[in-house]
Amino acid sequence: MITYYRKYRPQRIEELDIAEVRESLGRIVKAGKIPHAFLFSGPKGTGKTSAARIIAKIVNCKKPKSAPCNKCEECTSINRGANIDVVELDAASHRGIEDVRSLRDAVKLAPAKANKKVYIIDEVHMMTVEASNALLKTLEEPPEHVMFILATTNPEKLIETIRSRTTNIAFRKATTEEIVRSLSRVVKGEKIKIKPDGLAKIASGAGGSFRDAVKVLEQLVSEKRPLAADSIEEFLFQTKAIGVEGLIEILGRKDAKSALEEVARISARGVTISNLLEALISSLRVSLLGKVGIGSDNLKSFSKADVLILIKLFSRAQSEIKDAIIEELPLEIAMVEWCEDIEGNPQPVRPDPETKTSEPAAAPAKEQAPVGHAAIGSTLKAISEEIWRTILAQVKPINTSIEALLRAAKPIGYDGKVLTLGVYYRFHKERLEDTQHRRVLEDVAGGVLGTPIKVVCTLTEQEPRPKPQVVEEKTVLTEGEDKDIIKIAEEIFGN
């Protein structure tokens, strides 16, 4: 059974529901000069993939004009996702340099049947820096028969040169009116009886996502629920109120066992951990803004420092979900760290009942950067072993995988702004160059040195190891480097 979203996704430019996108693409197509590379950027569920497929049909339709016929073999196969010349890739799973090298080899081949080979690369910001640079070379001088359509929810994470080589179409969160327009297409096609105020309720609860709105409508219909506005509002409350307030209350008591049980209960109701984290962070953000005088504070029992720490812990967990073997694990770790004050984790600070202040107390001396470094970080010309150990110690509670990777690296250059790391293995280098990993390292290093830092990685040879000592014809290894490497591998591949 085809889902409503797939069945009723826009098939022509004029059916796209975001007005600015519809108008921009319409002007480009009408001018007859379609660029060889697009960048579609914006939130999830706003129609980026649908628009990409429409462009792919326009350049390959057997009846060329400003709109696809949706009847020829090329159009129908693209609609089914079965056209061998229109390739859709997820950069989250094809993010390395070898993947892009394979892509560069493939683009040299002529299309099998279509006029152009179209590569639609989703979440392109997930590519490593090396892979992005390799892709850039293809974008700069592509064969005539190739078109690229890159899509991303985080355009700011792309290297600037890729953004400058593409025609950027900005998608935004849909308005309630635009979502109602999209839902009306489904309602008409399925002959669903629902009043305009019911559609508006669904649209207002969709968070600006066409896809989420259509999914809600489909669930309501499949469960044979009433489609009156008040019934829809109750349904949305039940599904959206995913226990955030209760979970935050448990976290306020620092009850790790109850917090983990609550997450399991919420997950069993079908709520994804990513959505739960998004809801938690959104609630905490409201509180943070309230504590600085913007709006009302919904978490008065938490100090400003508490809220900041929880936002950082949950943001880290959100970024680690894609690489986690068990989806719940990053959130579970974050909650246990918070509830049990794991050593090395930033400590929550409660307001002093007498002073009634929510400002954090001074950190213990052992958690501070080495004396003097923060003041002269921009004038240092080398990273000492002491500073490097401090950076490693502060990275570990944030992300143990990064800390494990860094143990196979060493600082080989520093000019006050750029920290150059020599990395012993190519795999480690690519992982460290991942945007999220690099940002964690840059934030920590910048905090230790007291100045903004950019991290650059380069392959380097490991220092020669001392010759093994021979005692009674048995080889005895020197200081356990082999164990360190094994441990690094276990920590990396165990994540």
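Quick note: the coordinates plus some simple rules give every number you see, no bench work behind them. It should be emphasised that the depicted structure is a prediction, and the values quoted were computed from it without experimental measurement. Cβ coordinates were reconstructed from backbone atoms using ideal geometry, including for glycine residues, and neighbour counts include every protein chain displayed.
Worth pointing out:
- The shape of region 127-285 can be summarised by an equivalent ellipsoid whose semi-axes, obtained from the alpha carbon gyration tensor, come to 36, 27, 13 Å from longest to shortest.
- Take the Cα of Arg80, step 7 Å toward its Cβ, do the same at Ser93, and the gap between the two points is 2.2 nm.
- Segment Thr272-Ala110, length gained on full extension (0.36 nm per residue, minus Cα span): 54.2 nm
- Segment Arg439-Asn298, extension gain: residue separation times 0.36 nm, minus the distance between their alpha carbons: 47.7 nm
- Region 176-240 shape via C-alpha gyration tensor axes, a/c threshold 1.5: rounded
- Radius 13 Å from Cβ of Leu288, net charge of other residues (Lys, Arg +1; Asp, Glu -1): +3
- Global geometry of region 1-72, whether rounded, prolate or oblate, following the gyration tensor of its Cα atoms and the 1.5 cut on a/c: oblate
- Shown is the FRET efficiency for Ser384 and Ile311, computed with R0 = 35 Å from the Cβ-Cβ distance and rounded to the nearest 0.05: 0.60.
- Given R0 = 30 Å, the distance between the Cβ atoms of Val336 and Leu392 translates into a calculated FRET efficiency of 0.85.
- Taking 0.36 nm per residue of sequence separation and removing the Cα-Cα distance, the Lys33/Ala170 pair yields an extension gain of 47.4 nm.
- If R0 is 51 Å, the Cβ-Cβ spacing of Arg6 and Glu461 corresponds to a FRET efficiency of close to 0.45.
- Each residue of region 244-340 gets 89 Å³ once the volume of the Cα convex hull is shared out per residue.
- For region 38-180, the relative contact order is 35 percent, taking Cα pairs closer than 8 Å that sit 6 or more residues apart in sequence and dividing their mean separation by the residue count.
- Charge tally around Tyr425: other residues with Cβ under 12 Å, Lys/Arg +1 each, Asp/Glu -1 each, net +2.
- Flagged links, alpha-carbon separation over 25 Å, of Lys322/Lys410; Lys157/Lys429; Lys7/Lys201; Lys44/Lys215; Lys44/Lys312: Lys322/Lys410
- Region 244-340: relative contact order as a whole-number percent, Cα under 8 Å and 6+ apart: 32
- Using only alpha carbons, region 1-128 has a radius of gyration to Kirkwood radius ratio (Rg to Rh) of 0.95.
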